[in-house]
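Below: one structure, written as structure tokens.
The values are calculated or read from the model by the stated rules, or taken from the named source; none is laboratory data. None of these values were measured; they are calculated from a predicted model. A quick note on method: Cβ atoms are made from the backbone with ideal geometry, for glycine too, and the neighbour counts reach across all protein chains shown. With ligands, DNA and RNA removed, areas are computed over all heavy atoms of the protein, side chains included. Shrake-Rupley method; radii C 1.70, N 1.55, O 1.52, S 1.80 Å.
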Amino acid sequence: MLDKTYTIRATSNIAFIKYWGRRNHELNLPYNSSISMTLDENLSATTSVEFSDSFKEDMLIIDGKRQDFSAQSEKASYLRRALEHARKTAGLNAHALVVSENNFPSGTGLASSAAGAAALSLAIVKALDLKIDTREISKIARQVSGSGCRSLYGGIVKWHRGTHHDGSDSFAEQLFDTSYWPELIDLVAIVTTSSKKVSSSEGHTLTPRTSRLYDLRPKIAEAEAKKAETAIRNRDFNLLAEIVMRDSNNLHAVCLDSWPPIIYLNDVSRAIIYAIHELNENYGKNVAAYTFDAGANAHIITTQKHRAAVEGTLSSINGIKRVLYSKQGNGPRLLSEGKSLINDEVIRHTGIYKY
Ligand code: DP6
């Protein structure tokens, strides 16, 4: 399927049980399984891919900026590997042009790597017409960005840690589609717009290597992932909320115990934590759960019914710049050719042609 453009829109996800720490850096294999909720198109990445024998090199353009594919960085090598893996499977040598755009509200400091990795992997597979299922595609996405493998499905998704050395059993699968518990929503409180000092990629290496508490985390997270699955199956928000908050706290505890320490939360994040506990106490049960990824911005998981109460609570906290709303998303979709980010003008501008 050379010289044809495929465009995928994929969305971000928020982990209820988080991935933190890699047991294998080459294949991006995690120490524990993780569970997330896929977000809606308010937080999405759109990626167009075209393979052609006329291209002289691989080229990646994100939000209008050409990325350095040849760089020795971990991310560049993951991307190269994803392309090489796909080319090998398809038995092709053609180079690829990848153009990606994020619709993440600018200046929110929200990472877009999960959405981008899912969109990229799926677009590559479509462009090369590879006959592989979503589970196999999730193994490609996992190598581009771990959390990205969970964005290949909508609803509630689990990334199985797997035990095989070759990563063959480390893949993502959907646990529940969006219709199972549609009331679940995410309110994202934007606390900071600056980028984090320690990338999650660095944290995945530093924490297992240096934290003396980390040995406990995979065991705890694995057990909590099973409990979270049951809580969701039973639509037991009270229990799910406790699991989600404690997993976030556990992750930030091992981050603080890393050496040098990794500190993502700030005073506003902590004010949010206290406020959510107070809100839950007032209700006599958990109606909301905070969870923080590798940054100070808070994701508040709640239900439609308690959206206004959570928004009210957040509005009383100084330092929150903005609150975004997301319901559960349905997963990636193929866009029509008219929506492609690659056209003759873009191609001419890149100078990617051999001649
Ligand atoms: C805290 O998936 O961003 O958000 O594999 O290096 O791309 P890479 O890391 P990434 O790590 C995500 C960490 C997290 C937890 C989670 O989403 O599971």
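So Ala294 ticks every box in (1) assigned to a helix (DSSP H, G or I); (2) open to solvent by less than 70 Å² (accessible area, probe 1.4 Å) but one. Which box is left unticked?
Of the numbered conditions (1) assigned to a helix (DSSP H, G or I); (2) open to solvent by less than 70 Å² (accessible area, probe 1.4 Å), the odd one out for Ala294 is (1).
If a residue must be outside any strand (DSSP E or B), within 16 Å of the ligand (Cβ to nearest atom) and open to solvent by 60 Å² or more (accessible area, probe 1.4 Å), how many such residues does region 44-84 contain?
5
Check region 218-238 and report whether any residue there is hydroxyl-bearing (Ser, Thr, Tyr), over 30 Å from Pro105 (Cβ atoms) and either out of contact with any strand residue (DSSP E or B) (no Cβ under 8 Å at 6 or more places or on another chain) or within 15 Å of the ligand (Cβ to nearest atom) (or both).
yes
Take the residues of region 1-27 that are at pLDDT below 95 and in contact with a strand residue (DSSP E or B) (Cβ under 6 Å, 6 or more places away or on another chain): which is most open to solvent (accessible area, probe 1.4 Å)?
Only one residue tops the list, namely Asp3.
Which residue, of Ser121, Ser145, is farther than 23 Å from Asn297 by Cα, polar (S, T, N, Q) and either within 16 Å of the ligand (Cβ to nearest atom) or open to solvent by 60 Å² or more (accessible area, probe 1.4 Å) (or both)?
Exactly one of Ser121, Ser145 is farther than 23 Å from Asn297 by Cα, polar (S, T, N, Q) and either within 16 Å of the ligand (Cβ to nearest atom) or open to solvent by 60 Å² or more (accessible area, probe 1.4 Å) (or both), namely Ser121.
Please tell me if Val157 is at pLDDT below 95, touching a Ser or Thr at 6+ places or on another chain (Cβ under 9 Å) and hydrophobic (A, V, I, L, M, F, W, C).
No.
Any idea how many residues of region 85-132 are outside any strand (DSSP E or B), β-branched (Val, Ile, Thr) and in contact with a strand residue (DSSP E or B) (Cβ under 6 Å, 6 or more places away or on another chain)?
Going through region 85-132 one residue at a time, the tally reaches 2.
Restricting attention to region 163-188, which residues are surrounded by 20 or more Cβ atoms within 10 Å (Cβ to Cβ) and within 16 Å of the ligand (Cβ to nearest atom)?
Ser170, Phe171, Ala172, Asp186, Val188
Where residues in region 151-162 are closer than 20 Å to Gly203 by Cβ and open to solvent by less than 10 Å² (accessible area, probe 1.4 Å), which of them is farthest from the ligand (Cβ to nearest atom)?
Ranking the candidates gives Ser151 first.
Which of the residues spanning region 318-345 are open to solvent by 70 Å² or more (accessible area, probe 1.4 Å), within 20 Å of Phe104 (Cβ to Cβ) and not in a loop (DSSP other than H, G, I, E, B)?
Within region 318-345, Arg322, Lys327, Arg333, Lys339 meet the criteria.
Results for (1) buried (at least 22 other Cβ atoms within 10 Å of the Cβ); (2) under 24 Å from Thr193 (Cβ atoms), shown as yes or no for each residue.
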site: Ala225; (1), (2): yes, no
site: Ile232; (1), (2): yes, no
site: Ala253; (1), (2): no, no
site: Trp259; (1), (2): no, no
site: Tyr264; (1), (2): no, yes
site: Val268; (1), (2): no, yes
site: His277; (1), (2): no, no
site: Gly284; (1), (2): no, no
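Any residue in region 285-311 that's free of Cβ contacts under 8 Å to residues at least 24 places away in the same chain: show its pairings with residues that are more than 16 Å from the ligand (Cβ to nearest atom) at Cβ separation under 7 Å, as long as the two are six or more apart or on different chains.
Sorted first by the residue in region 285-311, then by its partner, the pairs are His306/Val287; His306/Ala288.
Among (1) more than 13 Å from the ligand (Cβ to nearest atom); (2) surrounded by 14 or more Cβ atoms within 10 Å (Cβ to Cβ); (3) outside any helix (DSSP H, G or I), there is one condition Arg212 misses while meeting the rest; what is its number?
The single condition Arg212 does not satisfy is (2).
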